[in-house]
Every structure is written in C-alpha cells, then in structure tokens.
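Below is one structure, written out as structure tokens; comments come after it.
Computed from the coordinates by the stated procedures, all read-outs in this text should not be read as laboratory data. All values reported here derive from a predicted model rather than from experimental measurement. Cβ atoms come from the backbone with ideal geometry, glycine included; neighbour counts cover every protein chain shown.
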Amino acid sequence: MTTLSERFGYMVWMREFELACLEGVPTREIHSELHTAIGQEAIGAGMAGFLRADDSLSSTHRNHLHGIAKGVNMRAMLAEIFEKETGLCGGFGGHMHLFDPGLKFSTTGIVGAGVPVSVGHALAARARGDDAVAVAVVGDGAVNTGAFHEALNFAGVHRLPLVVLVENNEWAISVPFEKASATPTVAERASAWACFGTRVDGTDVEAVADAFGAAVERARRGGGPSIVEATCYRFRGHFEGDADTYRSEQEKSARRALDPLDIAARALIDRGEASAEQIDQRRQTVRTAMAEMLASVRADQQPLPEKALNHVFRPVS
Ligand SMILES: Cc1ncc(C[n+]2csc(CCOP(=O)(O)OP(=O)(O)O)c2C)c(N)n1
C-alpha cells in the first residue's frame, strides 16, 4: 500500500526529472523533439507500486513518468535522454526510444502502436500460464487509431490480462478530443470490447491509484481487460518548440492553476500529514538531488561516432 505522502514523493521526482530534461533543449544536448508530461504527474505517480518486474508496460512519445513508475533507473533514463553512452540504450535511442527489457518497459513514437505490443505481452503471459499483467499507456489521440481498436477487440475476445491507461489531456497536438472522438469519453467505449471501463480525475493521484490498482488486480485474477481513462492537461506545448497557439492563453492559465502537485500537497496539509514548510523542504531536497544527477550525467561521454551503426546491421562472420 503506497501512501499519499509516498505518491507525492514520486510526483516531486517526476516534476524535477521533466524540468531537468527541459535544460537540454536550448543547449542542444537533446536533439530530438522533447515531449514532457509536466502537469500529468498524478497519473505517473498513481501507477507506481502496482506493477512487478515481470509485468510489461508499453508507453508513448511522452514516456518518462511511466518509466519512473515502472522502476526504470532514473539516471540511466536521463543519460539516454541526454544521448550519453551510459544511457539505458547506450545513447542510441534518445527520449522517444527508452527500452528496459529486464523490466519489460518499452516505448514507441508511433501513436497507438504500443497497444498491440501489450496485447502480445498479455498473450505471452497466458501462454506461459502465469499471472503477469500487460499495461499500455496511450494518449487521447491514440484512441482513434485502428491499432487501438483491433488490439482491444482481440484482448476482449480472449479475456487477456491487459490494462490500457488513457491519458486524456484533451489535445492530440492541435486537435481537441471532442472534434476527434465520436463519444464524449473513452471509458464508455469499453463495452464495445467487453472490457471494464472507468474514467477518473487524472489530477487526483489517489483516484488514479485506486482505478489503476483495481484494473491491474482484476487482470491478474483473470477478470479480463480494462480501460482506465484519466483526465489531465499538458502544461507545455506538444513538444519543446511548439508555438502552442491552438490553445487560448485563458485556457492554459486556468488549467495550469490546477497543478496536481499543489493538489496533493494541499491534501497532505489538510490531513495534518505535512506542513507547508515540510512540503517546500521535500521539494527542495529533490531539486538539489536532481541537479546533482543532471550534472553527473552531463559529464558522461557520448557514444563514439564509429559505433553509430552498431545494432543496425547483423555482423558478417
Ligand atoms: C501513427 C502516427 N500518426 C501520427 C503521428 C504524429 N504524432 C505524434 S504525437 C501525435 C499526437 C498524439 O496525441 P495523444 O495520443 O493525445 O498524446 P499526447 O501527445 O497528447 O500525450 C501525433 C499525431 C505519429 N507519431 N504516429
């Protein structure tokens, strides 16, 4: 059982991790498009603690928080994002291609493509006869792809141990959800695939944890697939460099005022579990630790140019 205080700790690390990544954009240490999940920390932190190493998690282009929730080594992730040879994939993949086979954590920049991957993991668990669960996290843009529908239909037919967590931040780049979805919510589509469907406030870390934990437990017990839709808002542009003119300034400032870290902090204070000073102290401690981690990652080497084709071609013996 993870407490609100522990989940708040995850949220603080997640926020600081994303802020550290932002530092690599203007300096051109990060070359690919960087997508952060600032504002969506209650979802990442709500997922933490439910998955075992043998459970799989496939994520998206906005993937850092899911990796942290799965227990992927944060320094190795940061080093990968900063294109260092000490990175999770030797600096070859960068931010959109984080893979940790030991923890069955994978990502994809192809929208919707992670769901069939998770169905494959779920089918493999079924074939092995164990109780591992497969999780796919997708955005609201992914829910209108063929891959999403086909994968969920297959999971429904075979009652696979699959949980699809939809981070509905209302925008797929510049396309608002209501202009792209025939239904007002994703959760209500679940019955079409004989899945369990639920929709929660994704700024409330405990609501996310309750819904996600129940879905994982249901899948593990053989109860079949679930869709958990968590509503949220991305605080920054789609990627760093996005002019973000499709969302009004009024909308952005109103939604950024609902910061999930502040909401969790307020709950801790209201329940008498922490004082405002203790909250500030915790955030400062993590900020300092993250600054140290970033400085140490920056001192690492980049992969050698002559290794650029490693893993691309099969060596001829
Ligand atoms: C199959 C496919 N189509 C289009 C794109 C280009 N693209 C990248 S991210 C994105 C929007 C994704 O929106 P959403 O799924 O809501 O995730 P969010 O960025 O909001 O987290 C699109 C269309 C892509 N990467 N893959």
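Among 110-122, 244-256, 149-161, 182-194, what's the highest-first ranking by average C-beta atoms within 10 angstrom per residue?
Output ranking for 110-122, 244-256, 149-161, 182-194: 110-122, 149-161, 182-194, 244-256.
Semi-axes of region 1-95's equivalent ellipsoid from the Cα gyration tensor, sqrt of 5 times each eigenvalue, largest first, rounded to whole Å?
Rounded to whole Å, the semi-axes are 23, 15, 10.
If you find the alpha carbon centre of region 254-280 and of region 1-30, how far apart are they in angstrom?
16 Å
Check each of the trypsin sites (Lys or Arg not before Pro) in region 259-317 and keep only those in coil by DSSP with at most 16 other C-beta atoms within 10 angstrom; list them in order.
Listed in order of number, the matching sites are ARG271.
By the scheme Lys and Arg +1, Asp and Glu -1, what is the net charge of all other residues having a beta-carbon under 15 Å from that of GLY237?
-1
If you restrict to DSSP beta bridges whose two residues both lie in the chain, what percentage is antiparallel, to the nearest 5?
10 percent
Under 17 Å from a point placed 7 Å out from the Cα of GLU188 along the Cα-to-Cβ direction: which residues of region 227-271 have their backbone N that close?
Under 17 Å, as judged by backbone N against the label point of GLU188, lie 227-231 of region 227-271.
Using the Cα atoms of region 4-299 to build a convex hull, what is its mean projected area in square nanometres?
14.8 nm²
List nothing, just return the count: lysine pairs in the chain, 8 or more apart or interchain, with Cα separation under 29 Å.
Within the chain, the lysine pair count is 6.
Only helical DSSP H runs with n ≥ 4 go in: add -39500 (n - 2.57) per run for the chain, normalise by residue count and round the 222 nm mean residue ellipticity to 500 deg cm²/dmol.
About -13000 deg cm²/dmol.
What net charge do the residues around GLU80 carry, taking every other residue with its C-beta under 11 Å from that of GLU80, with Lys and Arg at +1 and Asp and Glu at -1?
Within the 11 Å Cβ shell, the charges total -2.
Once amide H atoms are built 1.01 Å from N in the peptide plane, which residues 5 or more positions from ALA172, or in another chain, come under 5 Å H to H?
Placed amide hydrogens put PHE177 under 5 Å from ALA172.
Tell me, what ³J(HN,Hα) does each residue in region 132-148 have, in order and in whole Hz, if you take phi through Karplus 6.51 cos²θ - 1.76 cosθ + 1.60 with θ = phi - 60° and put x for Gly and Pro?
5, 10, 10, 10, 10, 10, 9, x, 5, x, 5, 6, 9, 8, x, 4, 4
What list of ³J(HN,Hα) values in whole Hz, one per residue of region 298-308 in order, does the Karplus curve 6.51 cos²θ - 1.76 cosθ + 1.60 (θ = phi - 60°) give from phi, with Gly and Pro shown as x?
With the stated coefficients, region 298-308 comes to 4, 7, 6, 7, 7, x, 5, x, 5, 9, 4 Hz.
For LEU165, enumerate residues with amide H under 5 Å from its amide H, sequence gap 5+ or separate chain, H modeled in the peptide plane.
ALA136, VAL137, VAL138, VAL228
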